[in-house]
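First the structure, in the form of structure tokens, and then the observations on it.
Since every read-out is calculated from the coordinates, none of them should be taken as a lab result. Just so we're clear, the structure is a prediction, and the values are computed from it rather than from any experiment. Counting neighbours? That spans all protein chains shown, and the Cβs are built from the backbone with ideal geometry, glycine included.
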Amino acid sequence: MRFDRPSFRDIAWLVLYDVNRTLGGLASMELLRRSLGARGWLTDEGHGLFVAISRVTPGTNILAYCVALGWHLASWQGALVSLAAASVPASMLIALISATLARVDQHPIVQAVIAIALMVATLLVLSTAWNLLRPYVKGPNAARTGIIAAIVVGLTLMGVTPIRILLVAAIVGVVMHSPDVPRVAEVER
Amino acid sequence: MSIIALYLLLLKATVTSFAGMGSLPQIRQDLVVTHGVITDEQLSQAVVIGRSAPGPVGAYVVSVGYFAGGWPGAVVAWLAMVTPALLVIPLVTLLRRWLHVPRVRAAVDAVVIASGVLLLTSVVRMAMDAFDQLTRVFG
């Protein structure tokens, strides 16, 4: 994959804008996929890889995703710029709110805004989920995808933690491996 | 409690969790139950503040840090939140090196699929949350 690399300012602005205008990391990942994909800086396959890796990285998923993204775009500097843009604004706002001890959840306007934002975030997460699964629901992959999906849903209903579910999925993937498995597009530097 | 100790306790919580709110039980155990640095009410308020603000859900730990140690506490809490994210770099580097191996590729594909399905289960929970919030606000 070849592309014109973004500047640090581009990375900082896009990450700051997309991570801090929605509630929750999953919706932010989808916004970043769209923003960076539109500029040719990230493929859907690369996005899928970063989403998967962020789920098995300790801590907050969106921060791991942003570090992976920044690393992919501009090495160490990109990773740090991306991490700062994703974490500093929200952290400053949260610290300020904590300092004033404002009960933001009590204000009706805030509650209404949160309600609408939650709906939008839900739709964005649905979009992300579909984009991740789309390459795997066609042709010879459909059966394997169905089996993995059934296992994931079953384990979720049993209360198994996501990290264990992902580990089980990785093992199932290795066991069910066949030479016809489609390539995961490599993220080239 | 010293700032270094606060950082280490918060780091222990964030590095052993795999989602923003996953650190909550460990933080409660260490800061509320064991050391009594914050109260349950303050922890709950930190969660609400984190949930109400845009950005990463895991940023609620900054509020925890503030309640535990003022502005220095908020700064070390931010550090504890971002430190684990840097672990993704060796993971990405390792994967790049091994991605040409078919079984590794198959495992990664399976994890991507599982991530997508887990996201779908999250959508169900989020939709219920959004519906609850909407009915609470608009009646």
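What the phi angles of region A:9-20 give under the Karplus curve with 6.51, -1.76 and 1.60, with θ = phi - 60°, is a coupling list of 5, 4, 4, 4, 5, 4, 5, 4, 5, 7, 7, 9 Hz, glycine and proline written as x. Among A:T161, A:T22, A:T57, which one shows the highest mean-square fluctuation when chain A is modelled as a Gaussian network with alpha-carbon springs under 10 Å? Among A:T161, A:T22, A:T57, the largest mean-square fluctuation in the Gaussian network model of chain A belongs to A:T161.
Counting other Cβ atoms within 10 Å, which trypsin sites (Lys or Arg not before Pro) in region A:24-123 have at most 16 and lie in a DSSP loop?
Listed in order of number, the matching sites are A:R39, A:R103.
Report the relative contact order of region B:3-86, percent, no decimals, based on alpha-carbon pairs under 8 angstrom and at least 6 residues apart. So the answer I get is 35 percent. The simple Förster model, with R0 at 41 Å and r as the Cβ-Cβ distance, assigns A:L123 and B:L8 a FRET efficiency of 0.55.
What is the extension gain from A:L96 to A:T43, computed as 0.36 nm multiplied by their sequence separation minus the C-alpha to C-alpha distance, in nm to one decimal?
Working: separation 53, 0.36 × 53 = 19.08 nm, distance 3.69 nm.
Contour length minus Cα-Cα distance gives 15.4 nm.
For region B:3-86, rounded, prolate or oblate, judged on the Cα gyration tensor with a ≥ b ≥ c (square roots of eigenvalues), a/c < 1.5 rounded, else prolate if a/b > b/c? Verdict is rounded for region B:3-86.
From the helices alone, meaning DSSP H stretches of at least four residues, give me the mean residue ellipticity at 222 nm for chain A, per-run term -39500 (n - 2.57), in deg cm²/dmol to the nearest 500. The partial results should precede the final answer.
On the way: 7 runs with 135 residues, N = 189.
Result for chain A: -24500 deg cm²/dmol, rounded to the nearest 500.
Helix-only arithmetic for chain B: the sum of -39500 (n - 2.57) across DSSP H runs with n ≥ 4, divided by the residue total, places the mean residue ellipticity at 222 nm at -24500 deg cm²/dmol. For B:L9, the shell of other residues with beta-carbons less than 13 Å away shows a net charge of +1, using +1 for Lys and Arg and -1 for Asp and Glu.
Does chain A come out rounded, prolate or oblate by the C-alpha gyration tensor, with a ≥ b ≥ c the root eigenvalues, rounded set by a/c under 1.5 and, if not, prolate when a/b is larger than b/c and oblate if not?
Details: a/c = 2.10, a/b = 1.35, b/c = 1.56.
In terms of gyration-tensor shape, oblate.
Near A:P162, once Lys and Arg are set to +1 and Asp and Glu to -1 for all other residues with Cβ below 15 Å from its Cβ, the sum equals +3.
Report the charge-dipole magnitude of region A:8-131 in Debye, nearest 20, computed about the Cα centre from +1 at each Lys and Arg Cβ and -1 at each Asp and Glu Cβ.
Working: 7 positive and 6 negative charges, 25 e Å.
Taking the Cα centre of region A:8-131 as origin, the dipole is about 120 debye.
Taking every C-alpha pair closer than 8 Å and separated by at least 6 residues, the mean separation divided by the residue count of region B:45-139 gives a relative contact order of 13 percent.
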